[in-house]
1. Looking only at the stretch 17-36, which residues are more than 12 Å from the chain's Cα centre (by Cα) and of a type outside the set (S, T, N, Q)?
2. Looking at the stretch 37-61 only, could you name the residues that are within 22 Å of Ser136 (Cβ to Cβ) and under 11 Å from the mean Cα position of the chain (by Cα)?
3. Among the residues of the stretch 29-45, which ones are under 14 Å from Arg79 (Cα atoms) and modelled with pLDDT of 95 or more?
4. Within the stretch 81-100, is there a residue that is out of contact with any Pro (no Cβ under 9 Å at 6 or more places or on another chain), modelled with pLDDT of 85 or more and over 25 Å from Thr26 (Cβ atoms)?
5. Looking at the stretch 110-136, I want the residues that are farther than 18 Å from Asp54 by Cβ and have a partner that is surrounded by 13 or more Cβ atoms within 10 Å (Cβ to Cβ) and basic (Lys, Arg) with Cβ atoms under 6 Å, at least 6 apart or on another chain. Which pairs are those?
Amino acid sequence: MIQSQPGKKKILVLDDEPHVVTYLQTLLQDNGYETVSASNGKEGMEKVRSEEVDLVCLDISMPEESGVRFYRNLKDDSRRSATPVVIITAVTGYGGDSEPFKQFISTRKQVPPPEAFLSKPIDKQEFLDTIARLLS
């Protein structure tokens, strides 16, 4: 396991689009966070377990294991269920309304709704403010 720098919060960026991962990691690193990445839910769960991340930025539509399954598995794991999750996705409801999706993701296994939900394309300042709030 890679040791994180003292005081730096570690964030997992979980998205199958390499340019999105690069953008989010650069933005986070430029603002003092340490990052790791994964391109699907299966790989993401391995990173959560090996890296002891403080927060997850999660895309929904991914190959192998979807973001929905990853989210439900994370929140169902008693050792990791408190890890905050920021869902960042282009998958939204009618007119960009994210409420129906927030309700959907928490229904089948009765997991709590995500700590934050941001639609792509993200607003950079809203993203950073959300991360800071959740990690404070």
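1. Glu17, Pro18, His19, Val20, Tyr23, Leu27, Leu28, Asp30, Gly32, Tyr33, Glu34, listed by residue number.
2. Val48, Val53, Asp54, Leu55, Val56, Cys57, Leu58
3. Matches in the stretch 29-45: none.
4. yes
5. Val111/Arg72; Val111/Lys75; Pro113/Lys102; Phe117/Lys102
The values are calculated or read from the model by the stated rules, or taken from the named source; none is laboratory data. This is a predicted model, so every value here is computed, not measured. Quick reminder, even Gly has a Cβ in these numbers, built from the backbone with ideal geometry, and neighbours come from all protein chains shown.
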